[in-house]
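Structure provided below as C-alpha cells; questions to follow.
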Amino acid sequence: MNLVDVHCHLNHALFKDDLPEVLKRAEKAGVKAILTSGVNPPANREVLQLAKNYPIIKASLGIYPIDALGLSERETGLPRQTEKINLDGEFAFFQQHQKEITAIGEVGMDFHWTKKEETGEQQAENFRKIIRFAKTLKKPIVIHSRKAELECIDILEEELPNNEIPVDLHCFGGSKKLVIRAAAKGFYFSIPPNILRLEHFQMLVQLVDLKQLLTETDAPWLSPFPGQKNEPAFVLETVKKIAQIKGLSEEKVAEQIWENYERVFLSRS
Ligand SMILES: [Zn+2]
C-alpha cells in the first residue's frame, strides 16, 4: 500500500529526538510521502532543511494566519512568530526555492485565536495576497480555516474562479452545507486520524467523493490515541476508517488517495 500524509509538522520540538524512528515507523506502515508544513519564516527554513535531509519528507511552505499578524502569543513547540511577517519578503523566499516546494501551506484564516471583529479584514487581505502569489507559482495550497470556514471558502471561490490551482482543506470544520459547497467547487479535504473519535470527519467522509479525499495527521497534534503523540504512520488509521465508512477495502481506499495525492501535488511540482 502507498500511503501519504499531506499535512504535519515534523519540525516540531516533540520530534527533535525521535524523528528517524518516526520516519521508520511511517515507512513500515507504507507511507511514501510526508508533506511537512511551515507556518512562518523560521519554520519554513526548518522544513526545507528536513526535506533536504530525508527524501520521504516534502516541503510545504506556509504563512499561518495568526503568525502573519505577529500574534502567536503561546508556546506551541514550533518557532514562535511575534512580529508581523513581511509577506513580500517571504514570497521572494518561496520563489527562490520553488523547485524544492511541493505546496504552499498552511495558509488561510483563523478566528479561534483572534476575534473576527479585530483581525478579520487584515486576515482576509493577507489570504487573498497569498492565494494570488500561489497562483503565480502554480502550486497547490493547503488551507487552515479554523472557525473561519465560510470566510475561507468565500475568498477561495472568488480568487480561484477557474480552479487555477488545487485546494486542500486541511482538518475542515465547516458545516455539512459548506462541505457540500466546497466539494462541488472541486476542493479536496485531508482527513486526520482523530476521525476515529470525531463524528464530524465521519460525516465529511460520507458526503465527499473518495476522489476528493486525502489523508493527513497534523502531527504531533490530533492523535487518534488519547495521550499519545500523533505521527505520520497513523494515516493508516484514517484509511481504515474511510474504508469502513465507504464500504471499500483498505487497499482500494489507499490506492485512490495516492492517486489523488499525485493529481493534486505531483503533477505540478
Ligand atoms: Zn497544521
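No value in this document is a laboratory result; all are computed from the given coordinates. Not measured: the values here are computed from a predicted model. When we count neighbours, we look across all protein chains shown, and the Cβ atoms used for this are built from the backbone with ideal geometry, even at glycine.
Compute the distance from the alpha-carbon center of segment 1-25 to that of segment 218-248, in whole Å.
14
Starting from segment 112-172, pick out the trypsin sites (Lys or Arg not before Pro) whose DSSP state is loop and whose Cβ has at most 14 other Cβ atoms within 10 Å.
115, 138
Roughly what % of DSSP beta bridges within segment 3-266 run antiparallel, to the nearest 5?
Taking every DSSP beta bridge with both residues in segment 3-266, the antiparallel ones total about 0 percent.
Whats the longest run of the chain with zero GluC sites (Glu not before Pro) that are DSSP loop and have at most 15 other Cβ atoms within 10 Å?
After excluding every exposed loop site, the longest remaining stretch is 165-269.
Can you give me the orientation-averaged projected area of the convex hull built on the Cα atoms of the chain, in nm²?
In nm², the orientation-averaged hull projection of the chain is 12.7.
Which of the lysines could be linked to residue 139 by a straight reach, that is with a Cα gap under 22 Å, when you skip same-chain ones fewer than 8 residues away?
32, 52, 58, 99, 129, 185, 211
Across segment 162-221, what fraction of all alpha-carbon pairs, as a whole percent, falls in each successive 10 Å bin from zero upward?
Pair shares across the bins are 23, 58, 18, 1.
Taking K and R as +1 and D and E as -1, what net charge do the other residues with C-beta under 15 Å from the C-beta of residue 3 add up to?
-2
Okay, moving on. Once you put a point 7 Å from the Cα of residue 177 and another 7 Å from the Cα of residue 206, both along the Cβ direction, what distance in nm separates them?
Going from the residue 177 label point to the residue 206 one covers 1.9 nm.
Which residue, 248, 215, 60, has the largest displacement toward the positive end of the dipole of segment 3-266 when charges sit on each Cβ (Lys, Arg +1; Asp, Glu -1)?
248
Volume per residue, Å³, of the convex hull around the alpha-carbon atoms of segment 8-139?
Given the Cα convex hull of segment 8-139, per-residue volume reads 105 Å³.
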